[in-house]
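Notes follow the structure.
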Amino acid sequence: MSSLLTLRDKVALITGGGQGIGRHTALRFGAHGCRAVLINDQDLERAETVAEEVRGLGVNAEALRADVTDLAAVREIVARAIESHGTIDVLVNNAGNAGANPPDDLDLPFWEAQPRSWDAHLRVNLYGVINCVAACVPGMIAAQRGGRIITVVSDAGRVGEAGLEVYSAAKAGAAGLTRAVARTLGRHRITANCVAMAATVTPYTEGMFDNADPRLLKRMMDKYVIRRPGRPDDAANMVLFLASDASDWITGQTYPVNGGFSFAL
Ligand SMILES: NC(=O)c1ccc[n+]([C@@H]2O[C@H](COP(=O)([O-])OP(=O)(O)OC[C@H]3O[C@@H](n4cnc5c(N)ncnc54)[C@H](O)[C@@H]3O)[C@@H](O)[C@H]2O)c1
């Protein structure tokens, strides 16, 4: 692996790092030389398990419990992280839901769903990102070490997904925030980019893949040029690239990682 892909001396905070894409990103970061990998999750036990796995790679790792929709809680873990590790160089906004509607409104068109269902998508996928960026940016600027903000969004936010309108809007909003933040923070050598995933097998979605009618699954996979669903490492590899020095002149972008489900304009 090229030395440009090293995260040597970097401290990284990954939200929703307790499983799925976040867990694989934490392990990638651990394997690429981070000084410390900070694993946030609302589920502390999950985060602890992943921190233990990362420590198994010989890297300092810590679990930090917070719900990213709670700004005060996010500010508190960021302050604790800076006190312990001096800085946060890389923020990965990964916590989110992968698109299912909350159970009480499952299968309803969004205009018939309860506004609290809309909130469920908006709070974690949009406000969660706003909260984490707001909490981390002052420390990144003060540290004068540059920085990386990487947000895991969805192809739904790029091309729109029928039945997931509010989720699509939330993810598109996070990408819009990223572009604006990239403009604001470029002069501090802080970059901000998004990774837009399509259907990826994670603990959140594996039940759907396991239980799907094989003919439906085939029809779905036929929409992917590379005929398989995403793996968490497909996301982690792109996040690693965007966190590393190799992406130094890239900012404000949204990169689809989607097996060719859609193409970037
Ligand atoms: N899996 C997919 O098909 C897919 C597709 C497109 C985009 N994405 C995006 O990728 C990201 C990760 O998805 P995944 O499939 O790995 O999810 P996952 O559900 O398997 O894991 C998400 C983790 O985030 C944590 N989390 C959820 N809400 C949180 C909150 N409010 N505060 C803190 N932690 C929270 C969960 O506890 C869980 O450990 C999400 O942002 C999702 O929208 C996933």
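The values are calculated or read from the model by the stated rules, or taken from the named source; none is laboratory data. All values derive from a computational prediction rather than experimental measurement. Glycine also receives a Cβ, built like all others from the backbone with ideal geometry; neighbour counts cover every protein chain displayed. Keep in mind that these areas ignore ligands, DNA and RNA; they rest on the heavy atoms of the full protein, side chains included. Shrake-Rupley method; radii C 1.70, N 1.55, O 1.52, S 1.80 Å.
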Exercise. Most mobile of Leu71, Leu177, Leu217 per a Gaussian network model of the chain (Cα springs, under 10 Å)?
Worked result: Leu217
For this session: Could you check the simple spin-label distance between Glu161 and Ala142, using points 7 Å along Cα→Cβ, in nm with one decimal?
Result: 3.8 nm
Problem set entry | Additional length obtainable on full extension of the chain from Ala79 to Asn60, 0.36 nm per residue less Cα span | 5.1 nm
Problem set entry | Listed residues Met208, Ile250, Ala36: farthest to the positive end of the dipole of the chain (Cβ charges) | Ile250
Exercise. Share of the chain's accessible area from carbon and sulfur, percent, 1.4 Å?
Worked result: 55 percent
Problem set entry | Virtual spin-label span in nm between Ala134 and Glu206, 7 Å along Cα→Cβ | 3.6 nm
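Would you please give the FRET efficiency between Asp233 and Leu108, computed as 1/(1 + (r/R0)^6) with r the Cβ-Cβ distance and R0 = 30 Å, to the nearest 0.05?
Details: r = 34 Å, r/R0 = 1.15.
In this case the efficiency is close to 0.30.
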Exercise. For the stretch 147-154, what does the Karplus curve 6.51 cos²θ - 1.76 cosθ + 1.60, with θ = phi - 60°, yield as ³J(HN,Hα) per residue in whole Hz, taken in order and with x for Gly and Pro?
Worked result: x, 9, 10, 10, 10, 8, 10, 8
For this session: Using only C-alpha atoms and all pairs of different ones, pull out the Kirkwood radius for the chain in Å with one decimal.
Result: 18.5 Å
For this session: Tabulate in residue order the Karplus-calculated ³J(HN,Hα) for the stretch 25-30, using 6.51 cos²θ - 1.76 cosθ + 1.60 with θ = phi - 60°, rounded to whole Hz; enter x for Gly and Pro.
Result: 5, 4, 5, 4, 5, x
Problem set entry | Average accessible area per residue (Å²) across the chain - probe 1.4 Å, nucleic acids and ligands excluded | 48 Å²
Seminar exercise, completed: Summing -39500 (n - 2.57) over every DSSP H run of at least 4 residues in the chain and dividing by its residue count gives a helix-only mean residue ellipticity at 222 nm, to the nearest 500 deg cm²/dmol, of -13500 deg cm²/dmol
For this session: Please give the helix 128-143 orientation as an angle from the longest Cα principal axis of the chain, in degrees from 0 to 90, rounded to the nearest 10.
Result: 20 degrees
Problem set entry | Farthest positive-ward along the stretch 61-109 dipole, Cα basis, beta-carbon charges - from Ala73, Thr87, Ala61 | Thr87
For this session: Compute the label zone of Thr184 within the stretch 231-265: residues whose backbone N is under 15 Å from the point 7 Å along Cα-to-Cβ.
Result: 252
